[in-house]
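S.K.: Got a structure here, written out as structure tokens. Questions coming.
The values are calculated or read from the model by the stated rules, or taken from the named source; none is laboratory data. Just so it is clear, the model here is predicted, and its values are computed rather than measured. Please note: Cβ atoms are built from the backbone with ideal geometry, for glycine as well, and neighbour counts cover all protein chains shown. Areas reflect the complete protein model, heavy atoms only, side chains present, ligands, DNA and RNA absent. Shrake-Rupley method; radii C 1.70, N 1.55, O 1.52, S 1.80 Å.
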There are 4 protein chains.
Amino acid sequence: MQIDLNSDMGESFGAYTIGEDENIINYITSANIACGYHAGDPSVMAKTAALAKQHGVGVGAHPGYPDLAGFGRRNLQTFPGEIRNYILYQIGAMSAFAKAAGTSLQHVKPHGALYNFASENEGAAREIIEAVKSYDPDLILVVLSGSIVAQLAKQAGLKVAQEAFPDRAYLANGQLAPRKLPGSVIHDEAVVRERVVKLITTGKLISIDGKELSLKADTLCIHGDTPGAWKLAKTIRESLEKEGITVAPLSSLTLNT
Amino acid sequence: MQIDLNSDMGESFGAYTIGEDENIINYITSANIACGYHAGDPSVMAKTAALAKQHGVGVGAHPGYPDLAGFGRRNLQTFPGEIRNYILYQIGAMSAFAKAAGTSLQHVKPHGALYNFASENEGAAREIIEAVKSYDPDLILVVLSGSIVAQLAKQAGLKVAQEAFPDRAYLANGQLAPRKLPGSVIHDEAVVRERVVKLITTGKLISIDGKELSLKADTLCIHGDTPGAWKLAKTIRESLEKEGITVAPLSSLTLNT
Amino acid sequence: MQIDLNSDMGESFGAYTIGEDENIINYITSANIACGYHAGDPSVMAKTAALAKQHGVGVGAHPGYPDLAGFGRRNLQTFPGEIRNYILYQIGAMSAFAKAAGTSLQHVKPHGALYNFASENEGAAREIIEAVKSYDPDLILVVLSGSIVAQLAKQAGLKVAQEAFPDRAYLANGQLAPRKLPGSVIHDEAVVRERVVKLITTGKLISIDGKELSLKADTLCIHGDTPGAWKLAKTIRESLEKEGITVAPLSSLTLNT
Amino acid sequence: MQIDLNSDMGESFGAYTIGEDENIINYITSANIACGYHAGDPSVMAKTAALAKQHGVGVGAHPGYPDLAGFGRRNLQTFPGEIRNYILYQIGAMSAFAKAAGTSLQHVKPHGALYNFASENEGAAREIIEAVKSYDPDLILVVLSGSIVAQLAKQAGLKVAQEAFPDRAYLANGQLAPRKLPGSVIHDEAVVRERVVKLITTGKLISIDGKELSLKADTLCIHGDTPGAWKLAKTIRESLEKEGITVAPLSSLTLNT
């Protein structure tokens, strides 16, 4: 049994700091590094790629909408082809810093509003897939488990890492419970640990309304933008390893199974 | 005898248009494509890379300062490492569009204020060289003929294309005559043609004050941002070819001789 | 009988030029000047305000979404209060250039996607109204004739200028015919002139499906961003004046009738 | 005896936070609010203006270079007129939020690299003065005590508040000791308090090399961008008030004496 732990990193910008990258890097295996559109800047990207390389953590591009003011969390109308080109631009830029750090790009994970939009919108999904494929068909695409983009990417022959959220509740149909629902975010660390171990060992979760559901999880998203978030990363990792589960970068996992 | 003709391209941005890329592409052999910092955007980059590929024109990155408002023509103070990271970012981004267009990046030519600064500032020159080398040591770096960056890049083992300006007068020491000097820009097409042919066949130019000087020219810069600029490109190319000079992309020239 | 002719101006940005402001300024009476969010920059704003002042043309702020890359034509999700603050920011900035040019701000006209969104979305409309009112309750708000924002602004006690589009067809219900409908844009100048005169003298228009409809028009929008657009402005103005209709800035019209 | 205490505020941007405005606002009398060029955004500006108004703190515009990536700390070449227009734009924008918060703009203090440049460059100083004067000749301009811009602004008839830095050492000629000199930044709170009291009560300071110098101080700059900076503000204010010195906003001080 194997799992990857990923976290968003490199979200600082100029004089502005977000995240505790130096801490969380110790517990994760794949880093989604912001590419300067919704967060990050060239110097942050360089530094973060080097940090990941140094810790044996897989370097990923984390492309978002060009919306620093909204941190990529706001929907933005795009004209056909724009999403493809936004993704290509950011993958290319991130790849340069991976190379300069002595490694290469492992994966691509869309960010925020773009991640959500591609989970349910076929057009956006196809543009993302086209971008990744035309850049490097061996790149791993990280997407919401069970989403439209996950299905389409597998059909297109990409390596797909399906992502689950340890601290988020799910509906019985396998979708994330909307944040406005009470109980949609799980704050109890013990519960999070227990759910994570069950999910990885059995492929099952209990939904927000008490039903058992199956969920494919190649990688778990560890949030890093709140102070102390790395402690949850640490505890999740320790719980997994205690169960004999291998925690390893996406590049060493068997995907598309 | 061989020479490359290069031109800045892909300088449009969103609803804004600069240049007549569809015309000038017919007469040049290498395209310096803006990378979204001083000009250009992802969709323009995609389109311009495809246009170059279609015409057999070498695709180059044309990185500048992050200054769309000033078109990269204003000096910007940078902290150590920033120029390296700006260059890496833009090379990477441009490379993605070259790949997606079915080709690969041929060269890098810094733009505007950054080009000028690197011509005479060793620190800036070294950051540019480091960026290119760490991304891909086989990339060709296009720089001002006889400049500091040209010397340092050759010493660093990079392939260097030294650039001359057909419509600009030179001082006797080989530097460009400052634009404020009368006669610094040559508007007479016949004179431009004559100078170009003499330069490529003999390696010599007559300076603004009437002295003969030697100048290395692997590539000639053809300005494309004034309406009708492509006509000068056409006439220069025809004059060269009439003399039996091969006009070909940088990648097929013998450099560092 | 009186009417204002307005046009978007000051849409150039740095090295990029859009519009022929120096021509169209001769035929209009109110200028909607871009405020640096979707187009324009401080130097363009200064120059355009001075140009309007010199021609006795009313100076207006033309605030849009912060989306230079999309020219303010793309929908952008905003969180509550953001539209109000975007509008305040841009009104204030434009006002400074009006003052520096020796005049004062006459009106505010939202741009592009924001204009359209406020025409039908009550929340956006209320934020715009709040911004204008809290900045200066004597400013005139220019909005789509018959729209939600027009109604709400009048209820809020603002001076409202209802806008019609001479070269656009209307549905029988008074809404603009969508651009994808054949015949939605009227290219025949004679037809445009005839419709304009009928509209101002009778308050009536013939809809795209042949029905007569009433439309309130305090100001007509003259497009300026296509080459030669000023010729249509000239012909419209001459047709109106030949009929004895006074063409005058919004500030000298009787509004909210 | 009277003095104003000013601090930079409103430097957060979107999801990014800098400063502890809610704390420091309790101890200062004038707020320099970032205007969206080097820091700040419309929603932060609105919130910060309201916070200042609520605490009876004077609202000021804190315009900088358009350089969010460099926090306005990098020199940027500008073409003639650009500084004037950058200042007008930002003053106007800030003024809108002052109005919307139920107050009006009290002062303007240039930021970072622009502040430093105007301290010694006559052209930049004149552009700033022209911008302030053409917007509102009653605005107070806050500048480095004894600088070129201070002299020129007084000659131009502006109200000038000369600024001193409690935690910075000075050269014997009245200039700030460069940061690279040992001892240029004073970290000992007791020393800072003592210097401040001496300066306000006697107009004298001891220079870094032990000489007594005279310095005009209408306002003291309290840094707010390091965690806990408000504690220094508190201690400085208490020391001043213990000596019977009135701490009050610039608008209530007698300037240009």
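S.K.: Could you please give the count of residues in the range A:94-109 that are among the small types (Gly, Ala, Ser), open to solvent by less than 20 Å² (accessible area, probe 1.4 Å) and within 18 Å of the chain's Cα centre (by Cα)?
M.R.: The number of residues fulfilling the criteria is 2.
S.K.: If I go through the range C:110-162 residue by residue, how many of them are farther than 26 Å from residue C:69 by Cα, open to solvent by less than 30 Å² (accessible area, probe 1.4 Å), part of a helix (DSSP H, G or I) and touching a Lys or Arg at 6+ places or on another chain (Cβ under 7 Å)?
M.R.: 2
S.K.: Within the range D:127-139, is even one residue farther than 26 Å from residue D:88 by Cα and basic (Lys, Arg)?
M.R.: Checking the range D:127-139: not a single residue is farther than 26 Å from residue D:88 by Cα and basic (Lys, Arg).
S.K.: For a quick check of your reading of the model, give me the residue pairs whose first member lies in the range C:58-86 and is within 12 Å of chain D (Cβ to nearest Cβ), whose second is open to solvent by 40 Å² or more (accessible area, probe 1.4 Å), with beta-carbon atoms closer than 6 Å and at least 6 apart or on different chains.
M.R.: These pairs meet every condition: C:84/C:130; C:85/D:43.
S.K.: Consider the range D:62-75. How many of its residues are in contact with a helix residue (DSSP H, G or I) (Cβ under 7 Å, 6 or more places away or on another chain), of a type outside the set (Gly, Ala, Ser) and either buried (at least 24 other Cβ atoms within 10 Å of the Cβ) or under 22 Å from residue C:47 (Cβ atoms) (or both)?
M.R.: Residues that pass the stated criteria total 3.
S.K.: Against the definition (more than 16 Å from the chain's Cα centre (by Cα), modelled with pLDDT under 95 and not aromatic (Phe, Trp, Tyr)), how does residue C:246 come out, yes or no?
M.R.: Against the criterion (more than 16 Å from the chain's Cα centre (by Cα), modelled with pLDDT under 95 and not aromatic (Phe, Trp, Tyr)), residue C:246 does not qualify.
S.K.: For the range D:131-153, give me the residue count where each residue is of a type outside the set (Phe, Trp, Tyr) and more than 17 Å from the chain's Cα centre (by Cα). Show your work before the answer.
M.R.: Filtering the range D:131-153 for residues of a type outside the set (Phe, Trp, Tyr) gives D:131-134, D:136-153.
After this cut, where a residue has to be more than 17 Å from the chain's Cα centre (by Cα) as well, the list is D:131, D:133-134, D:136-138, D:152.
Count: 7.
S.K.: Just to verify a result, which residue in the range D:147-178, among those that are in contact with a Gly (Cβ under 9 Å, 6 or more places away or on another chain) and not polar (S, T, N, Q), is modelled with the lowest pLDDT?
M.R.: Step by step, filter the range D:147-178, then rank; the result is D:174.
S.K.: Which residues, counting only those in the range A:42-65, are of a type outside the set (Gly, Ala, Ser) and within 21 Å of residue A:82 (Cα to Cα)?
M.R.: Correct list: A:62, A:63, A:65.
S.K.: Continuing with the same structure: Can you name every residue in the range A:13-45 that is surrounded by fewer than 24 Cβ atoms within 10 Å (Cβ to Cβ), away from chain B (no Cβ under 14 Å) and of a type in the set (A, V, I, L, M, F, W, C)?
M.R.: If the condition is that a residue be surrounded by fewer than 24 Cβ atoms within 10 Å (Cβ to Cβ), away from chain B (no Cβ under 14 Å) and of a type in the set (A, V, I, L, M, F, W, C), then A:18, A:25 are the ones that fit.
S.K.: Within the range C:47-57, restricting attention to residues that are away from chain D (no Cβ under 14 Å) and free of Cβ contacts under 8 Å to residues at least 60 places away in the same chain, which residue is most open to solvent (accessible area, probe 1.4 Å)?
M.R.: Looking at residues that are away from chain D (no Cβ under 14 Å) and free of Cβ contacts under 8 Å to residues at least 60 places away in the same chain, I get C:54.
S.K.: Which one is most open to solvent (accessible area, probe 1.4 Å) among residues in the range A:76-92 that are over 14 Å from residue A:136 (Cβ atoms) and hydrophobic (A, V, I, L, M, F, W, C)?
M.R.: At the first step, the residues of the range A:76-92 found to be over 14 Å from residue A:136 (Cβ atoms) are A:76-86, A:89.
Keeping just the survivors that are hydrophobic (A, V, I, L, M, F, W, C) gives A:76, A:79, A:83.
Details: A:76: 21, A:79: 90, A:83: 6 Å².
So the residue we want is A:79.
S.K.: Of all residues in the range D:21-60, which are part of a helix (DSSP H, G or I) and closer than 23 Å to residue C:65 by Cβ?
M.R.: D:42, D:43, D:44, D:45, D:46, D:47, D:48, D:49
S.K.: Here is a further query. How many of the residues in the range C:166-189 are open to solvent by less than 30 Å² (accessible area, probe 1.4 Å), assigned to a loop (DSSP other than H, G, I, E, B) and out of contact with any helix residue (DSSP H, G or I) (no Cβ under 7 Å at 6 or more places or on another chain)?
M.R.: Here the count works out to 4.
S.K.: Are any residues in the range B:115-158 within 14 Å of chain A (Cβ to nearest Cβ) and either among the small types (Gly, Ala, Ser) or closer than 22 Å to residue B:253 by Cβ (or both), and if so, which ones?
M.R.: Those that are within 14 Å of chain A (Cβ to nearest Cβ) and either among the small types (Gly, Ala, Ser) or closer than 22 Å to residue B:253 by Cβ (or both): B:128, B:129, B:131, B:132, B:133, B:134, B:135, B:136, B:137, B:138, B:139.
S.K.: Filter the range C:1-12 down to the residues that are within 14 Å of chain B (Cβ to nearest Cβ), crowded, with 22+ Cβ neighbours inside 10 Å and under 15 Å from residue C:46 (Cβ atoms) and list them by number.
M.R.: C:10, C:11
S.K.: Moving on. Quick one: count up the residues across the range D:110-130 that are within 15 Å of the chain's Cα centre (by Cα) and closer than 15 Å to residue D:158 by Cβ. Break it down into steps so the answer makes sense when it comes.
M.R.: Restricting attention to the range D:110-130, the residues satisfying the condition of being within 15 Å of the chain's Cα centre (by Cα) are D:110-119, D:128.
Going one step further and asking which of them are closer than 15 Å to residue D:158 by Cβ, we end up with D:110, D:118, D:128.
Final tally of qualifying residues: 3.
S.K.: Anything in the range B:62-93 that is within 19 Å of the chain's Cα centre (by Cα), of a type outside the set (Gly, Ala, Ser) and farther than 28 Å from residue C:36 by Cβ? List them, or say none.
M.R.: B:84, B:87, B:88, B:91
S.K.: Something else: Within the range C:199-223, can you find the residues that are more than 18 Å from residue C:240 (Cβ to Cβ) and either in a loop (DSSP other than H, G, I, E, B) or open to solvent by 20 Å² or more (accessible area, probe 1.4 Å) (or both)?
M.R.: Across the range C:199-223, the qualifying residues are C:206, C:207, C:208, C:209, C:210, C:211, C:212, C:214.
S.K.: Now for a different question. Restricting the search to the range B:231-251, which residues are part of a loop (DSSP other than H, G, I, E, B) and open to solvent by 50 Å² or more (accessible area, probe 1.4 Å)?
M.R.: B:243, B:244
S.K.: While we're on this one: Failed condition for residue A:18, given (1) of a type in the set (A, V, I, L, M); (2) in contact (Cβ under 8 Å) with a residue 24 or more places away in the chain; (3) not in a loop (DSSP other than H, G, I, E, B), with all others met?
M.R.: Here residue A:18 clears every test but (3).
S.K.: Okay, next question. Every residue in the range C:198-234 that is touching a residue at least 40 places away in the same chain (Cβ under 8 Å) and over 30 Å from residue C:34 (Cβ atoms), please.
M.R.: Passing the criteria: C:201, C:213, C:214.
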